1. Looking at region A:67-85 only, could you name the residues that are of a type outside the set (Val, Ile, Thr) and closer than 14 Å to residue A:109 by Cα?
2. Tell me, yes or no, whether region A:55-65 has at least one residue that is at pLDDT 95 or above, under 18 Å from residue A:5 (Cβ atoms) and either surrounded by 14 or more Cβ atoms within 10 Å (Cβ to Cβ) or away from chain B (no Cβ under 14 Å) (or both).
3. Looking at B:56, B:76, which one is closer than 30 Å to residue A:58 by Cβ, more than 14 Å from every other protein chain (Cβ to nearest Cβ), touching an Asp or Glu at 6+ places or on another chain (Cβ under 8 Å) and aliphatic (A, V, I, L, M)?
4. Does residue A:81 count as free of Cβ contacts under 8 Å to residues at least 60 places away in the same chain and in a loop (DSSP other than H, G, I, E, B)?
5. Within region A:11-25, can you find the residues that are over 14 Å from the mean Cα position of the chain (by Cα) and of a type outside the set (Lys, Arg)?
6. Can you go through A:50, A:41 and tell me which one is among the polar types (S, T, N, Q), over 19 Å from residue A:19 (Cα atoms), surrounded by fewer than 21 Cβ atoms within 10 Å (Cβ to Cβ) and touching a residue at least 40 places away in the same chain (Cβ under 8 Å)?
7. Looking at region B:85-112, which of the residues that are hydroxyl-bearing (Ser, Thr, Tyr) and at pLDDT below 95 is farthest from residue B:17 (Cα to Cα)?
8. Assuming residue A:26 fulfils every condition listed in (1) of a type outside the set (Lys, Arg); (2) surrounded by 14 or more Cβ atoms within 10 Å (Cβ to Cβ); (3) over 25 Å from residue B:88 (Cβ atoms); (4) in contact (Cβ under 8 Å) with a residue 60 or more places away in the chain apart from one, which condition is it?
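The values are calculated or read from the model by the stated rules, or taken from the named source; none is laboratory data. Since the model is a prediction, treat every value here as computed from it, not as a measurement. Ideal geometry is used to build each Cβ from the backbone, glycine not excepted, and the neighbour counts take in all protein chains shown.
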Amino acid sequence: EAGVAQSPRYKIIEKRQSVAFWCNPISGHATLYWYQQILGQGPKLLIQFQNNGVVDDSQLPKDRFSAERLKGVDSTLKIQPAKLEDSAVYLCASSPRTGGNQPQHFGDGTRLSIL
Amino acid sequence: AQSVTQLDSHVSVSEGTPVLLRCNYSSSYSPSLFWYVQHPNKGLQLLLKYTSAATLVKGINGFEAEFKKSETSFHLTKPSAHMSDAAEYFCVVSQAGGYNDMRFGAGTRLTVKP
């Protein structure tokens with residue numbers, strides 16, 4: 001089975017610019033997650049989708065971050081405008097369905113550097 | 001609310017010796033617990049999970065973990081370290097009956113010396 005696909009792998013931008021990341025989950029997985037992983041820390045959940053609806057976005061900085069999952073498959077995460085503290089790896093994960101006992105399958109992430 | 005504390009930020013072992021990575025958790029409900037491994041520039045890979053079945057959980061690559069409710073611990077062990085085990089390891093707690101609100105520990109970096 002194909003894994004979670006993310007692109008781009010690396011992105012370098014200047015502060016105040018905008019950037020977008022793309023994620024394609026494992027086929028048939030209803031639940032999709034975006035995480036932010038700052039260097040030296042564990043991943044922090046930004047947003048969780050169940051199909052094309054948002055389950056949890058309580059930790060998403062909504063003044064600059066946005067995410068969508070049109071048609072309940074692919075998802076994009078956008079930052080506009082970027083700040084220096086947004087430098088991190090952005091991980092996408094998926095699971096067959098929501099539920100606390102469901103392991104998540106992760107992509108390789110997008111490493112974002114803000115100059 | 002739930003959280004995990006990984007007691008060691010860095011563990012160094014020699015190849016062929018046992019590995020112990022320590023994790024304590026806090027959860028108001030019956031927890032699901034996971035260990036993930038992350039190699040450099042890669043995503044996270046599931047090693048094993050505990051979801052209220054057997055308290056001793058066997059995972060991939062010879063790793064296992066024991067759920068101890070009385071100690072609120074879920075330590076990860078392996079009898080004999082291999083060079084390829086060098087990576088970052090994350091302990092994760094989730095509410096078993098919840099919507100999958102995973103909380104990650106800060107991670108333990110495992111170094112394996114030849």
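1. Just the residues of region A:67-85 that are of a type outside the set (Val, Ile, Thr), to begin with: A:67-72, A:74-75, A:77-78, A:80-85.
Residues satisfying the conditions are A:75, A:77.
2. Looking for residues that are at pLDDT 95 or above, under 18 Å from residue A:5 (Cβ atoms) and either surrounded by 14 or more Cβ atoms within 10 Å (Cβ to Cβ) or away from chain B (no Cβ under 14 Å) (or both), one finds none in region A:55-65, hence no.
3. When all the criteria are applied, what remains is B:76.
4. no
5. Across region A:11-25, the qualifying residues are A:12, A:13, A:14, A:17, A:18.
6. Only one candidate passes the filter, namely A:50.
7. This residue is B:99.
8. Here residue A:26 clears every test but (3).
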